[in-house]
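Read the structure below first, then the notes.
Read the figures in this text as sums done on the coordinates, not as results from a lab. Since the model is a prediction, treat every value here as computed from it, not as a measurement. Every residue, glycine as well, gets a Cβ built from its backbone with ideal geometry; the counts of neighbours run over all protein chains shown.
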Amino acid sequence: MKWKILIPVALVALVAAGGIAMSQMNAPVSPAANIASSAAATGAVLPVTTNPITNTSTMPGMTIVSAAAEDNVDSAGTAITDRLQITIGNTTGNPLTNLETYYVMKDTTTGASEAYYLPLDGLTLAPNAETTISFDNETGGGHFPENTFSLYRSSTNQVDFTLQVSADGVQIANGTATKGAGTGEQAD
C-alpha cells in the first residue's frame with residue numbers, strides 16, 4: 001500500500017517541478033532587456049535581427065551632429081584609431097536620458113548587412129550640449145563595446161552605416177557614416 005501512494009506523489013512532484021522550470025524558461029523578456037543583459041553578462045556585442053527601439057516621440061530635441069567610421073579624431077583634433085564615433089546634440093533645456101542606439105552596417109559590394117542595438121548605459125546628455133560616443137571596446141565615459149568580428153572590422157569593401165540614437169521624450173536622431181574600401185585600421 002505504501003508503494004502505491006509514493007509513486008503517484010513522486011510523479012506529481014516531478015511533473016510540478018518540470019512545469020515550474022519550463023514556465024521560468026519561457027517567461028517573456030523584452031528584446032532590449034535580453035540583448036542588454038546578454039551584452040553586459042558576456043561583454044560581447046552580437047548582431048540583432050530587429051530594431052528594439054520603440055520611441056514614437058515627434059518632439060525635436062536630439063540630433064546626430066556628426067558620425068565617422070574612419071579617419072577619426074579626438075576632441076583636440078588628434079588622429080585616433082578608427083571606430084564608429086557619433087557626436088550627438090541636445091537642443092532642449094532638459095537633460096536627455098535613457099539613450100540607446102541601433103545601427104545597421106552594409107557591405108556595398110556583397111550586400112551583406114549586420115544590425116546592432118546597444119543601450120547607452122550611464123549616459124545623460126546635458127541640456128543644450130553635445131557629446132561624442134565611441135564604439136571601440138575602450139573603458140570610460142562615452143566608450144561602448146563593439147563586435148570586433150563585425151563587417152566593419154572584417155570587410156575590405158566599403159561599409160555604409162545607418163544610425164539611430166533614441167532618448168526619452170524626443171524623436172529619434174538619424175545619421176550615416178561610411179568606411180571606405182580597404183583594410184582600414186583594426187580595433188585596439
- request: Output the number of the condition that Ala177 fails; it satisfies all remaining conditions of (1) touching a residue at least 40 places away in the same chain (Cβ under 8 Å); (2) surrounded by fewer than 17 Cβ atoms within 10 Å (Cβ to Cβ).
  value: (2)
- request: Please state which of the following conditions Ala167 fails to meet, knowing it meets all the rest: (1) within 23 Å of Val48 (Cβ to Cβ); (2) of a type in the set (A, V, I, L, M, F, W, C); (3) over 13 Å from the mean Cα position of the chain (by Cα); (4) surrounded by fewer than 20 Cβ atoms within 10 Å (Cβ to Cβ).
  value: (4)
- request: Give region 93-131 a look and list any residue that's surrounded by fewer than 17 Cβ atoms within 10 Å (Cβ to Cβ), over 17 Å from Val159 (Cβ atoms) and not hydrophobic (A, V, I, L, M, F, W, C), or say none.
  value: Gly93, Asn94, Pro95, Thr97, Asn98, Asp121, Gly122, Thr124, Pro127, Asn128, Glu130
message: Out of everything in region 62-83 that is among the hydroxyl-bearing types (Ser, Thr, Tyr) and either closer than 19 Å to Leu123 by Cβ or in contact (Cβ under 8 Å) with a residue 60 or more places away in the chain (or both), what residue ends up being surrounded by the fewest Cβ atoms within 10 Å (Cβ to Cβ)?
response: Ser75
